[in-house]
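Remarks on the structure that follows.
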Amino acid sequence: MRWAVYPGRGAGARGHARPGSAARVRAVDPGRAYDGAVDEMPRDHRPAKSVRVLLAEDPDLPSGALAILLGLEPDIEVVAQVGRGDEVTRTALGVRPDVALLDIELAGLSGLDAAAELRDEVPDCRVLLLATFGRPGYLRRAMAAGAAGFLVKDGPVEELARAIRLVLTGETVIDPAFAAASPDEGPVAEAAP
């Protein structure tokens, strides 16, 4: 699988893309071997400072499975987990994560709305939205909310870890499954009850 990666995306002072900014696209193969690049790291090396991750996912999923898998990455530490969208910003203000992984379908407040709150309240936190499938309009709303990426939730954890590293370098990562969905039509995501 190859992602579309958008270097910098015309990032402003807060690290979010400016509307209408141009970007060059480079394809990234998440399965390629480690070549010493800054955004990749051998599994047997534990850096002095880990990437701090806030995980917000549907509480009906197997509890903590994604957090455990991400914790196996040598440079990633899940510092908080929440099951509701309306808990994301308050938790992020307390733990100050580098990256927030938000399920798009959360109770209380959608992942899209939580991403917009994080953009305003915790601007140094990069947001990756996760969804099982793309609906028309999701990608457009994700980018408008300040998300740095939009990925398939059920992909390999190695690809998710690589996306986390990429967004920390200022790049935007979009799964091709979501890029193919038309951004100009369809329903808008609502918060789950």
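The values are calculated or read from the model by the stated rules, or taken from the named source; none is laboratory data. Predicted, not measured: the structure shown is a model, and the values here were computed from it. Because the Cβ atoms are built from the backbone with ideal geometry, glycine has one as well, and the counts that use them run over all protein chains shown.
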Scanning for something at pLDDT 95 or above and more than 14 Å from Glu57 (Cβ to Cβ), does segment 127-141 turn up at least one residue?
no
Between a residue in segment 63-78 that is of a type in the set (Val, Ile, Thr) and any residue that is part of a helix (DSSP H, G or I), which pairs come within a Cβ distance under 7 Å, given they are 6 or more apart or on different chains?
Ile76/Leu70; Ile76/Ala161; Ile76/Ile164; Val78/Ala67; Val78/Leu70; Val78/Gly71
I want to confirm something. Restricting to segment 121-140 and keeping residues that are surrounded by fewer than 22 Cβ atoms within 10 Å (Cβ to Cβ) and touching a Leu at 6+ places or on another chain (Cβ under 8 Å), which single residue is nearest to Leu55 (Cα to Cα)?
Val122
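Residue-by-condition table, conditions (1) within 10 Å of the chain's Cα centre (by Cα); (2) assigned to a helix (DSSP H, G or I); (3) under 20 Å from Ser110 (Cα atoms):
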position: Asp124; (1), (2), (3): no, no, no
position: Leu129; (1), (2), (3): yes, no, yes
position: Arg135; (1), (2), (3): no, no, yes
position: Leu139; (1), (2), (3): no, yes, yes
position: Leu151; (1), (2), (3): yes, no, yes
Report, by residue number, each residue of segment 116-135 that is out of contact with any Pro (no Cβ under 7 Å at 6 or more places or on another chain) and under 15 Å from Lys153 (Cβ atoms).
Val127, Leu128, Leu129, Leu130, Ala131, Thr132, Phe133, Gly134
Scanning segment 73-91 for residues that are under 13 Å from Glu121 (Cα atoms) and touching a helix residue (DSSP H, G or I) at 6+ places or on another chain (Cβ under 6 Å) gives Val88, Thr89
So which residues in segment 156-177 are touching a strand residue (DSSP E or B) at 6+ places or on another chain (Cβ under 8 Å) and either assigned to a helix (DSSP H, G or I) or surrounded by fewer than 20 Cβ atoms within 10 Å (Cβ to Cβ) (or both)?
Glu159, Leu160, Ala161, Arg162, Ala163, Ile164, Arg165, Leu166, Val167, Leu168, Pro176, Ala177
I'm trying to understand the selection: among the residues of segment 107-143, which are touching a strand residue (DSSP E or B) at 6+ places or on another chain (Cβ under 6 Å) and touching a residue at least 60 places away in the same chain (Cβ under 8 Å)?
Ala107, Gly108, Gly111, Cys125, Arg126, Leu130
